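The values are calculated or read from the model by the stated rules, or taken from the named source; none is laboratory data. Keep in mind that what you see is a predicted model, and the values were worked out from it rather than measured. Quick reminder, even Gly has a Cβ in these numbers, built from the backbone with ideal geometry, and neighbours come from all protein chains shown.
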Amino acid sequence: MKIYLVGGAVRDKLLGVEPRDRDWVVVGATPQEMITRGFRPVGKDFPVFIHPETGEEYALARTERKTAPGYHGFEFHADPAVTLEEDLRRRDLTINAMAMDENGALIDPFNGADDLNNGRLRHVSPAFSEDPVRILRVARYAARYGHWGFRVAHSTHALMKLMVENGEVDALVAERVWQEMENALGEQTPSRFFEVLRNCGALARILPELEQLFGVPQPKHHHPEVDTGKHTLMVLDQAARLTTDTRVRFAALVHDLGKGTTPREEWPKHIAHEHRGVELVNAMCDRLRIPNDYRELAQVVTRYHGVYHRVEELRASTLHDTLEAVDAFRRPERFEQFLLACEADSRGRTGFEELHFAQPGLLREALHAANQVSAKAVVADGYGGKAVGEHLRLRRIEAIRQALKLTTNDTNG
């Protein structure tokens, strides 16, 4: 029985980064031998065991055979006669098909180290085309290593494109798409995930709401990059600069979906795209079963990012009602998420990336001023019932007006 460190841990070691986790392959063993040595079996489809001390996963070397469409249609074969190279051959990319023995010697039958040095994401074998999840994984690795210049190999891109044309991606289930998408949103250059999917044709199948943004123009004086799809990916990467919160990054990604449904005769303007966008956000979240905390923030950013950009033009009453609409009084943490996503929108434009924007400071100042007015004070002045809410609003509006030195007295809303 021989044990090898495999996959991502080997890749990360060669890159000089701390491995996220460590996986092991066991060659020449049976399930009973593993159990006898104290390993705990957990695998259903194939034998995987948990080390009794480290808690790390050890899998018996195995091969796999395609038996049906989609990524569930596989038959696995684990046997002591399966070699390490046979096990590595079933993996997706060459950079994930390397192993190290107990002495730290590298086993690299598919030249993964060379691809790693050259920033190349290349499939191991034609069997790559049997699993549509691998398209998502390649895109995610492009997002993870995009800042190092990693690119998809031409041969792998061609294979991914063929898989899309053959309908393999149509077999992907919502949960797996979202799992890979959420992971990609957490990477350093998340826009690369969507670029890779678009280049091979998968984005139109998986996320048609995003695909239809490309080629849609915007006013050049506000958007020198013009193209809405390009702007969207720029906003996503700006969000990645501002925060590691994937909920903010998702909201940044979907904030302009409504522009994809603007009638051509209205281009490059996009009147009421915020309202249309909320419907599309809901449809996407329903289809991919995206968690509610992602959905709720995305709804707020999509609906009110236009108001955010006009903060310096707004009356005190509108500022107050916007704060209330984004739930800033009850959920200040989500208010901060809203501000981050909207700031990313401001910065996600050619030439605007490093500018200072006044909107976050003004909105925070407005919220601080309004929060100095309490419902208890209104009650203490003798108001009750519905009058409490009405007078609380009026006093908060006045507090905002004074704090921001707004000249128009619009406390009556």
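Exactly one residue out of 264, 287 is farther than 26 Å from residue 364 by Cβ and surrounded by 15 or more Cβ atoms within 10 Å (Cβ to Cβ), and it is 287. Farther than 19 Å from residue 328 by Cβ and among the small types (Gly, Ala, Ser): does that describe residue 361? The answer is no for residue 361.
Of the helices (runs of 4 or more DSSP H) lying entirely inside the range 103-169, the ones with 1 or more residues being at pLDDT 95 or above and within 16 Å of residue 203 (Cα to Cα) are found at 133-145, 154-165.
Across the range 97-132, the number of residues qualifying as touching a residue at least 60 places away in the same chain (Cβ under 8 Å), assigned by TED's automatic domain parsing to the domain that holds residue 196 and surrounded by fewer than 19 Cβ atoms within 10 Å (Cβ to Cβ) comes to 1. The residue that is nearest to the chain's Cα centre (by Cα), counting only those in the range 199-238 that are of a type in the set (Val, Ile, Thr) and either farther than 17 Å from residue 252 by Cβ or surrounded by fewer than 19 Cβ atoms within 10 Å (Cβ to Cβ) (or both), is 206. If you go through the range 43-56 and keep only what is modelled with pLDDT of 90 or more and under 16 Å from residue 1 (Cα atoms), you end up with 48, 49, 51. When restricted to residues that are surrounded by fewer than 15 Cβ atoms within 10 Å (Cβ to Cβ) and farther than 22 Å from residue 373 by Cα, the range 305-342 contains 3. Only residues that are closer than 16 Å to residue 299 by Cβ and either in a loop (DSSP other than H, G, I, E, B) or in contact with a Cys (Cβ under 9 Å, 6 or more places away or on another chain) (or both): list them for the range 255-272, please. Selection gives 255, 256, 272.
The C-beta contact set for the range 344-365 (first residue outside any helix (DSSP H, G or I), second residue of a type in the set (Gly, Ala, Ser) and surrounded by 13 or more Cβ atoms within 10 Å (Cβ to Cβ), distance under 7 angstrom, 6+ apart or interchain) comprises 352/346; 357/346. One residue alone among 140, 192 is surrounded by 21 or more Cβ atoms within 10 Å (Cβ to Cβ) and closer than 18 Å to residue 348 by Cβ, and that residue is 192. Pairs needed: first member in the range 258-275, closer than 13 Å to residue 213 by Cβ and in contact (Cβ under 8 Å) with a residue 12 or more places away in the chain; second member anywhere, assigned to a helix (DSSP H, G or I) and hydroxyl-bearing (Ser, Thr, Tyr); C-beta distance under 6 Å; at least 6 residues apart or different chains. Listed by first residue and then by second, the contacts come to 259/228.
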